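The values are calculated or read from the model by the stated rules, or taken from the named source; none is laboratory data. From a predicted model like this one, the values you see are computed outputs, not experimental measurements. Note: ideal-geometry Cβ built from the backbone for every residue, glycine included; neighbour counts use all protein chains shown. SASA here: full protein model, heavy atoms, side chains in, ligands and nucleic acids out. Shrake-Rupley method; radii C 1.70, N 1.55, O 1.52, S 1.80 Å.
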Amino acid sequence: MRLKLHVWRQASPSDRGGFATYEAEASEHMSFLEMLDVVNEELESKGQEPIAFDSDCREGICGTCGMVINGRPHGPWKRTTVCQLHMREYSDGDEIWIEPWRADGFPIQKDLIVDRSAFDRIVAAGGYISVRTGSAPEANAIPVAREKAEKAMDAAACIGCGACVAACPNASAMLFTSAKAAHLNLLPQGQPERHGRVLNMILTMEAEQFGTCTNHGACENACPKEIKIEVIAMLNRDYLRALLKAG
Amino acid sequence: MSRVYSLYSTSVGKKFTMAVSGAIFVLFVIVHMFGNLKVYLGPEAFNHYAEGLRGFGEPFLGHEWFLWAFRAGLIAALLIHVLAAWQTSRQSWAARGHKYRKRDNLVFHYASRTMRWGGVALFLFIVYHILHLTTGTLHPDFVPGDAYHNFVTGFRSVPVVVIYSVAMIALGLHLYHGTWSAFQTMGVDGPRINRWREPIALGVALIVVLVNLSFPVAVYTGIIH
Ligand code: HEM
Ligand code: FES
């Protein structure tokens, strides 16, 4: 199939950037990123700069890839990162707009690559537990209710790709921050630092230029791991509790 | 005081104050709607109710004390609600300096996208509504103390009916997303309550809008006169 691609090109963080249009030839068996790889080979053979985009595992588990395709983070498939999107979704003659995550908290580095280190700083502010190191503890020493364990696992499925921020009309990072707080706050091991974790993670999130949550739900719909916004309600509740305790 | 300050210092806390003040408004519009229903019982009942609002709490309280305390509470809630709305909106506008060229709508429901302009419309309507039926400043035939008369003659004009109708649509959208959103913001969440959040929000919005819209229609069609 032949496609027309409009791709955001930006040489550096300070460059103004703009869309460039490319003709691409793809087979329906390719993944979306393979289609871009082929475009890049052609660009390089012509001595032009290839389109810069992030990817690593290409199996939907690492959270490195991400771009907005025709207005949707990670493209049109639900529960799917862009590396798992396949070209059979498209047909001959389609026009595709490809843009980077747009958020001031995620400054563009080059083309489709954004700097997501704000997420690292949010996690560093509280996304950990303190344990005594040494030999691994007995796995069943601390009982965890099944329901809690499952909820914690659901929240822990977050791969930190940033699609929630990209999809949010407010560019808010609440879904990410809530998921990272929830998977620890739900477990016994997360209790000792619960209040401090919540306060520090929220304060760090605030400092990173993200917008404010207005419960639109776009994040949940965009999340490739289907994290639900109930984790946001949980963070809201935990924030109040933490403030009451902190005095 | 420091707790209140640290609550309000983050957007999460600002949203909480919006949810609490918003919940106060939700209760208010429901009570207000029930009060208005008395108009169907005729002039005596309605004016008696209107007078009752002024004399509420007597003889323990002075005349109109309760009413003014009630008004002060609502005005305070409105100031907090609008201030937080303005501040959080600005933070969000600043958070996406560069917009998308293509945008696909992934939000749960349309109502959530109308909160800002809808809120401004509501604010303008609140001002108009007070000048129309409370002070009578913008009412062509206002008789102080005859609430029934003011109510009925007020809705005999087409532009007024249009203003109230548009405002009720804005109110319905704001109530629908706002009520749902307030549950979420206040952390009222759980397997059992979650099933009810959407129906409650929709029910409150529909009932308030339909009942309130029935008044101008009833005047216009002569059911109340
Ligand atoms: C006076 C002008 C008003 C403005 C500017 C305004 C604006 C807003 C905004 C921007 C939000 C947050 C939007 C969101 O969650 O997506 C909001 C939330 C809300 N509003 Fe208003 N509003 C106003 C009046 C009202 C009135 C009259 C009511 C009640 C009938 C109301 C009830 C609510 C509720 C319950 C929320 C939910 C709070 C939350 O998100 O947790 N608002 N308002
Ligand atoms: S490259 Fe690892 S999730 Fe897409």
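Among the chymotrypsin sites (Phe, Trp or Tyr not before Pro) in segment A:27-129, which ones are in a DSSP loop with at most 13 other Cβ atoms within 10 Å of the Cβ? Mind listing them? Intermediate values should be presented prior to the final figure.
Working: sites: A:32, A:53, A:77, A:90, A:97, A:101, A:119, A:128; in loops: A:53, A:77, A:90, A:101, A:128.
Counting only loop positions with at most 13 other Cβ atoms within 10 Å, the chymotrypsin sites (Phe, Trp or Tyr not before Pro) in segment A:27-129 are A:128.
Once R0 is set to 60 Å, what does the formula 1/(1 + (r/R0)^6) return for the Cβ-Cβ distance between residue B:213 and residue A:52, expressed as a FRET efficiency to the nearest 0.05? Don't skip to the end; give the middle numbers.
Numbers: r = 55 Å, r/R0 = 0.92.
Efficiency, rounded to the nearest 0.05: 0.60.
Give the separation of the Cα centroids, segment B:186-225 to segment A:151-192, in Å.
34 Å
Taking the Cα centre as origin and putting +1 on Lys and Arg beta-carbons and -1 on Asp and Glu beta-carbons, what dipole magnitude results for chain B, to the nearest 20 debye?
Numbers: 18 positive and 9 negative charges, 298 e Å.
I would put it at about 1440 debye.
Just the number, please: buried accessible area between B and A, total of both chains, 1.4 angstrom probe, nearest 100 square angstrom. List each step's numbers first, then the result.
On the way: alone 14470 and 13030 Å², together 23550 Å².
When B and A are taken together, about 3900 Å² of accessible area is lost.
Given the whole protein assembly as supplied and a 1.4 Å probe, what does the accessible area of residue A:19 come to in Å², nearest 10?
70 Å²
Starting from segment A:41-125, pick out the trypsin sites (Lys or Arg not before Pro) whose DSSP state is loop and whose Cβ has at most 13 other Cβ atoms within 10 Å. Walk me through the numbers on the way to the answer.
Numbers: sites: A:46, A:58, A:78, A:79, A:88, A:102, A:110, A:116, A:121; in loops: A:46, A:58, A:78, A:79, A:102, A:116.
Sparse-neighbourhood loop trypsin sites (Lys or Arg not before Pro): A:46, A:78, A:79.
For a quick check, take a GNM of chain B with Cα springs below 10 Å and name the residue from B:17, B:135, B:114 with the largest mean-square fluctuation.
B:135
Can you compute the modelled spin-label distance between residue B:54 and residue A:149, with each label point 7 Å from Cα toward Cβ, in nm?
6.8 nm
Counting only helical runs of four or more DSSP H residues, what would the 222 nm mean residue ellipticity of chain A come to if each run contributes -39,500 (n - 2.57) and the total is spread over all its residues? Could the numbers behind the result be given before it?
On the way: 8 runs with 86 residues, N = 247.
That comes out to -10500 deg cm²/dmol.
Would you mind checking the pairs A:110/B:14; A:78/B:99; B:14/B:38; A:151/B:99; A:4/A:110; A:78/B:14 and listing those with alpha carbons more than 28 angstrom apart? Can you show the working numbers first?
On the way: A:110/B:14 35 Å; A:78/B:99 23 Å; B:14/B:38 37 Å; A:151/B:99 34 Å; A:4/A:110 21 Å; A:78/B:14 32 Å.
Over 28 Å Cα-Cα: A:110/B:14; B:14/B:38; A:151/B:99; A:78/B:14.
With angles folded into 0 to 90 degrees, how steeply does helix B:191-220 sit against the dominant principal axis of chain B? Use alpha carbons for both and round to 10.
30 degrees
What is the angle, in °, between the Cα long axis of helix B:115-129 and the longest principal axis of the Cα atoms in chain B? Nearest 10 is fine, range 0 to 90.
Value to nearest ten degrees: 20.
Taking the Cα centre of chain A as origin, work out the dipole magnitude from +1 charges on Lys and Arg Cβ and -1 charges on Asp and Glu Cβ, in debye rounded to 20.
Values: 26 positive and 33 negative charges, 272 e Å.
So the dipole magnitude of chain A works out to roughly 1300 debye.
Over the whole of A:236-242, what's the average partner chain Cβ count within 10 Å per residue? Rounded to a whole number, please. Let's see the in-between values first.
On the way: counts 11, 5, 2, 7, 6, 1, 1.
Going residue by residue through A:236-242 and averaging, the value is 5.
For residue B:68 and residue A:45, what does the FRET efficiency come to when R0 = 60 Å and r is the distance between their Cβ atoms, rounded to the nearest 0.05?
Numbers: r = 79 Å, r/R0 = 1.32.
For residue B:68 and residue A:45, the calculated efficiency is 0.15.
For residue B:78 and residue B:98, calculate 0.36 nm times their separation in residues minus their Cα-Cα distance, and state this gained length in nm to one decimal.
Details: separation 20, 0.36 × 20 = 7.20 nm, distance 3.19 nm.
This chain segment gains 4.0 nm when fully extended.
State the antiparallel share, in %, of DSSP beta bridges confined to the protein assembly as shown, rounding to the nearest 5. Let's see the in-between values first.
Details: 15 of 20 bridges.
Antiparallel bridges make up about 75 percent of those DSSP assigns within the protein assembly as shown.
Compare B:90, B:192, B:113 in a GNM of chain B, Cα atoms joined below 10 Å, and give the one with the largest fluctuation.
Of B:90, B:192, B:113, the most mobile in the Gaussian network model is B:192.
Assuming 0.36 nm per residue, please report the length gained on full extension of the stretch residue B:87 to residue B:158 beyond their Cα-Cα distance. The partial results should precede the final answer.
Numbers: separation 71, 0.36 × 71 = 25.56 nm, distance 3.66 nm.
Extending this stretch completely gives an extra 21.9 nm.
Just name one of A:118, A:80, A:234: the one whose Cα is farthest towards the positive end of the charge dipole of the protein assembly as shown (beta-carbon charges, Lys/Arg +1, Asp/Glu -1).
It is A:234.
Pick out which of A:129, A:142, A:98 has the largest mean-square fluctuation in a Gaussian network model of chain A, springs linking Cα atoms closer than 10 Å.
Most flexible of the set in this elastic network: A:142.
Pairing the Cα long axis of helix B:65-95 with the longest principal axis of chain B, what angle in degrees results, from 0 to 90 and rounded to the nearest 10?
Its long axis makes an angle of about 30 degrees.
Test of the criteria: in segment A:75-169, which GluC sites (Glu not before Pro) are in a DSSP loop and have at most 11 other Cβ atoms within 10 angstrom of their Cβ? Intermediate values should be presented prior to the final figure.
On the way: sites: A:89, A:95, A:138, A:147, A:150; in loops: A:138.
Sparse-neighbourhood loop GluC sites (Glu not before Pro): A:138.
Can you tell me the FRET efficiency between residue B:45 and residue A:2 if r is taken as the Cβ-Cβ distance and R0 is 45 Å, rounded to the nearest 0.05? Intermediate values should be presented prior to the final figure.
On the way: r = 74 Å, r/R0 = 1.65.
Rounded to the nearest 0.05, the efficiency is 0.05.
Evaluate peptide B:4-10: per residue, the Cβ atoms of other protein chains within 10 Å of its Cβ; return the mean as an integer.
Working: counts 1, 0, 6, 4, 0, 2, 8.
Partner-chain Cβ atoms within 10 Å, mean over residues of B:4-10: 3.
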